[in-house]
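Structure first, commentary second.
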Amino acid sequence: MDSARNVIANFTVKETIDWSLVDGVEETCINSASALATALYEAGTDGYPNLIKVVQGTYTGLFAYSGSEDYDLNLEGGYETGCATRSYNPELTILNGDINADDIGDGVVLDLNTTNPSGTGNITVDGFHVKNGQNGVDEGGCMRVFSADGSTTLIGNIVNNCIAEMAEA
């Protein structure tokens, strides 16, 4: 991937996210698709590294992060209600890109991008089953992750039923 990637996300902020500063990292516990979309949006500009803990369940939607900062983003699935305990089983936290329930993906399910060209922020995605993604423009049908100079780490995820194709000019 080259550094000229753009993330386009259209959603309405519907949730108020409760963030807690823990050892210099903003943390939150998420239990709805709209809260996940909002948390990813807020994490891109809040001036802190972020840990988004996602409660077990199915989250249908297309989720995007566009961070212009030089901070890490950690996205972790498998938490029980309240986020006090976590199960390391990606089947428990599902991100589903089939918005209209027609068994066809409706876009890139998880699109994470640091937009600071000299940024060293790392992106980690841990413990999700990501499915039903489609991208007819470039790479990444289910997950498209790009960090300018930082690292990208994908741990313990399941990705299936995804389509990505490079468009011809």
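The values are calculated or read from the model by the stated rules, or taken from the named source; none is laboratory data. In this text the structure is predicted, and so the values were computed from the model without any measurement. Note: ideal-geometry Cβ built from the backbone for every residue, glycine included; neighbour counts use all protein chains shown.
Annotations for the structure displayed:
- Cβ-Cβ under 8 Å pairs, at least 6 apart or on other chains, segment 131-145 side within 13 Å of Ile158 (Cα to Cα), far side of a type in the set (S, T, N, Q) and not in a strand (DSSP E or B): Met143/Asn157
- Residues located in segment 100-114, provided they are more than 16 Å from the chain's Cα centre (by Cα) and β-branched (Val, Ile, Thr): Ile104
- Options Thr81, Thr16; residue that is of a type outside the set (A, V, I, L, M, F, W, C), loosely packed, with under 13 Cβ neighbours inside 10 Å, modelled with pLDDT of 95 or more and in a loop (DSSP other than H, G, I, E, B): Thr81
- Every condition in (1) free of Cβ contacts under 8 Å to residues at least 40 places away in the same chain; (2) under 22 Å from Ala164 (Cα atoms); (3) surrounded by 19 or more Cβ atoms within 10 Å (Cβ to Cβ) is met by Val109 except one, and the failing one is (1).
- Of the criteria (1) surrounded by fewer than 21 Cβ atoms within 10 Å (Cβ to Cβ); (2) at pLDDT below 95; (3) out of contact with any strand residue (DSSP E or B) (no Cβ under 6 Å at 6 or more places or on another chain), which one Val22 fails: (2)
- Selection over segment 110-156 of residues that are outside any strand (DSSP E or B) and polar (S, T, N, Q) gives a count of 7.
- You will find that of Asp103, Asp126, Asp138, the residue that is surrounded by fewer than 20 Cβ atoms within 10 Å (Cβ to Cβ) and in contact with a strand residue (DSSP E or B) (Cβ under 6 Å, 6 or more places away or on another chain) is Asp126 and no other.
- Hits in segment 50-62 (condition: surrounded by 19 or more Cβ atoms within 10 Å (Cβ to Cβ) and either among the basic types (Lys, Arg) or modelled with pLDDT of 95 or more (or both)): Asn50, Leu51, Ile52, Lys53, Val54, Val55, Tyr59
- Residues of segment 64-78 satisfying the condition of being modelled with pLDDT under 95 and crowded, with 19+ Cβ neighbours inside 10 Å: Ala64, Tyr65, Ser66, Gly67, Glu69, Tyr71, Asp72, Leu73
- Residue identified as farther than 17 Å from Phe63 by Cα and surrounded by 14 or more Cβ atoms within 10 Å (Cβ to Cβ) among Asn116, Asn157: Asn116
- Segment 54-78, residues that are part of a loop (DSSP other than H, G, I, E, B), within 18 Å of Asp126 (Cβ to Cβ) and not charged (D, E, K, R): Gln56, Tyr71
- Inter-residue pairs, beta-carbon under 8 Å, first in contact (Cβ under 8 Å) with a residue 12 or more places away in the chain and in segment 16-35, second small (Gly, Ala, Ser) and in a helix (DSSP H, G or I), 6+ apart: Ile17/Ala35; Ile17/Ala39; Glu26/Ala43; Thr28/Ala39; Ile30/Ala39
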